[in-house]
1. In square nanometres and to one decimal, what's the mean projected area of the convex hull around the Cα atoms of the range 306-380?
2. Hey, what D do you get for the range 320-428 in µm²/s if you plug the Kirkwood alpha-carbon radius into Stokes-Einstein at 25 °C and 0.890 mPa s?
3. Stokes-Einstein diffusion coefficient for the range 131-171 at 20 °C in a medium of 1.002 mPa s, Rh from the Kirkwood formula over Cα pairs: what value in µm²/s?
4. Taking the alpha-carbon set of the range 90-203, what are its Rg and Dmax in Å?
5. Using a 1.4 Å probe and ignoring any ligands, DNA or RNA, find the accessible area of Lys31 and quote it in Å² to the nearest 10.
6. In nm, to one decimal, how far is the Thr369 label point from the Glu135 one, both placed 7 Å along Cα→Cβ?
7. Return a whole-number percent for the relative contact order of the range 218-267, with Cα pairs under 8 Å and 6 or more residues apart as the contact set.
8. Which order do you get for Glu184, Glu413, Glu218, Glu92 if you rank them by accessible area with a 1.4 Å probe, largest at the top?
Amino acid sequence: MSLSTDAEQQVFAPADSLLRFATAGAVDDGKSTLIGRLLHDSRSLLADQLEMLELAGKERGDEVLDLAMVTDGLRAEREQGITIDVAHRYFETAHRAFIIADTPGHAQYTRNMVTGASTADLAIVLVDARNGLTEQSRRHAVLAGLLRVPRLVLAVNKMDLVGYGQGAFEEITAEFARFTDELELRDVAAIPISALRGDNVVHRSAEMPWYDGPALLEHLEQVHIDEDRSAGDFRLPVQYVIRAQGQDYRGYAGQISGGRVREGAEVLHLPSGLRTRVTSLDTADGALAEARAPQSVSVRLADEIDVGRGDLLCAPDAAPAAATELSVRVCWMSAKSALRPGARLLLKHTTRTVKALVTEVRHQVDVTTLRRDPARELGLNDIGEVGLRLAQPVFCDPYERNRLTGGGLLIDESTHATVGAVMIIEAR
């Protein structure tokens, strides 16, 4: 399941230097303020943005800049002081480029959290140091686990309001560690911060000498993500066939969704089942000897094979399933109708779109406890396990193995609106 954004399409940074991260937490935990602080203190705000913040502050009588306004762009958000949509922001430092997804805190906006975290390399869960872990904190940690976000940061915010006390921080981190152990989330870092004051956000704070770890931005700049993206077996869903006019050139273009491939390597084409070899790997910046996920490439093949959009090039000895029956976890996103057995939808899986029939709704997942409750339908923001029967096979992996070939979108046939996000559990 990959939900792309306009912000992503505008980024030209090298794929291995770009970190996508999502922020989550309960309402008023300071997500938007944190992002505003990151942008402000890293000098990533434009002059007119600063001027806007200063003017707005004067109009409202604020003594300090309201940095949350950097991301709270909707009028309703500005008036209520909350986040109700996913705001994406791009910035870069000398070490790395970033795309930030600021996701809502309310339970009724679970679908927005799923959207924001679906392509994230890392999730930041904010907790108010005064309140400790809340139901929403747990909910967002569970969602990060369900979405297989590789890394998690617990940002204990508003440390200035508890006197920068070490005890408050350690009590929250100990409780969070017990909770994430149950979720089998292993790569978790904890950082005490004050987004309002700027402590440990971009620069390390003198107010907490007992903390000897990095500031949040330092951690984000240093975290390794290359191995996450290029791990696993080679997968290249074909998006487009390139034919150069007047030249003997035929390339098969797409974004590598798993593993890596070298020039001369043997690959398998699906659905034909034919094997061939890679003769070249071309990019906008020139030819490569080796390419890895998530790079976009044009692959030339040694043999004449009928390859088109929706086909897959993959590792010959580790092919994905060619499945027409799927057990999937669905986050239902439609407010107009519930997901029920018998529903006819479209499944968009990588570059392939096929007709799908909902054969059964098995259960609903309680996203604060992971308990499975019997269910006959899924409503807006519900997450549950569903059976799908497809009119044509898709070439897929379990979501826990590959988030791209293991995910997809459900689309309404008549309106073409996206109504659900899919994580594949089992394929046959």
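The values are calculated or read from the model by the stated rules, or taken from the named source; none is laboratory data. No experiment lies behind these values; they were computed from the predicted model shown. Glycine also receives a Cβ, built like all others from the backbone with ideal geometry; neighbour counts cover every protein chain displayed. Just so you know, the surface numbers come from the protein's heavy atoms only, side chains and all, with ligands and any DNA or RNA stripped out. Shrake-Rupley method; radii C 1.70, N 1.55, O 1.52, S 1.80 Å.
1. 7.2 nm²
2. The estimated diffusion coefficient comes to 181 µm²/s.
3. So the translational diffusion coefficient is about 183 µm²/s.
4. Rg, Dmax (Cα atoms, Å): 14.1, 38.
5. 10 Å²
6. So the label points at Thr369 and Glu135 sit 1.2 nm apart.
7. Relative CO of the range 218-267 lands at 38 percent.
8. Output order, biggest surface exposure first: Glu184, Glu92, Glu413, Glu218.
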